[in-house]
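Working notes, beginning with the structure itself.
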Amino acid sequence: AAEGVNSWFKLGLDVRAPAMQAITGVAKLTIVIGYLSGLRLIPEVRRVFQYHGAEHKSISTYEAKKDLVVEEARPTSALHARCGTTFIIMVAFVSVVVFSAIGSFFPELPGGRFVNAVGFFLMKLPFFPVIAGITFEIQRVFARYCTTGPLQVLLWPGFVVQKITTAPPD
């Protein structure tokens, strides 16, 4: 998708360029958000998303040291800073930053743009466990220090997508 944008707009970006990594990140997020939005239209999956919302409300109630009963859980938020949905969105952002920083150190492969794009993708794969670990630690810090006040804006992208993956439980 990113290579298609690069070709369509005649940007001439190398696959390892930071701007190309940003386009790749936007493409990843578009695919994930589009997929989740489509899933939400399926009644059975929407029901699962209601369970997801109930899970968040239960966790928020428990963390507030309130009784874990419906009356206490109902008014709490269905958004949670340590949600896996937020983690997925943060992985996309962290991967853009990491691959923008280290992408230029990856070798160029002989064989043209397609070979380089596929080769770069394959060279990035071993880094994903490291990116997941970095993202996990960042999310822990954000969940601890950024849930209130002006730093809450750092959690906003994940919360926006959680609005897709959580639904008010009945």
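Values as computed for the structure displayed
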read-out: Filter result for residue 47 (open to solvent by 40 Å² or more (accessible area, probe 1.4 Å) and among the basic types (Lys, Arg)); value: yes
read-out: Residue in the range 55-76 that is over 29 Å from residue 128 (Cβ atoms), under 24 Å from the mean Cα position of the chain (by Cα) and among the small types (Gly, Ala, Ser) present; value: yes
read-out: Helices (runs of 4 or more DSSP H) contained in the range 1-108 and holding at least 3 residues touching a residue at least 24 places away in the same chain (Cβ under 8 Å); value: 18-40, 43-63, 84-102
read-out: One residue from 122, 154 being assigned to a helix (DSSP H, G or I), modelled with pLDDT of 90 or more, open to solvent by 60 Å² or more (accessible area, probe 1.4 Å) and in contact with a helix residue (DSSP H, G or I) (Cβ under 7 Å, 6 or more places away or on another chain); value: 154
read-out: Boolean, residue 163 is of a type in the set (Lys, Arg) and open to solvent by less than 50 Å² (accessible area, probe 1.4 Å); value: no
read-out: Filter result for the condition that a residue is under 25 Å from residue 35 (Cβ atoms) and either among the β-branched types (Val, Ile, Thr) or surrounded by 18 or more Cβ atoms within 10 Å (Cβ to Cβ) (or both), over 131, 102; value: 131
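The values are calculated or read from the model by the stated rules, or taken from the named source; none is laboratory data. This structure is a prediction, so every number in the text was calculated from the model and none was measured. Glycine gets a Cβ as well: all are built from the backbone with ideal geometry, and neighbour counts include every protein chain shown. In case anyone asks, the SASA skips ligands and DNA or RNA and just uses the protein heavy atoms, side chains included. Shrake-Rupley method; radii C 1.70, N 1.55, O 1.52, S 1.80 Å.
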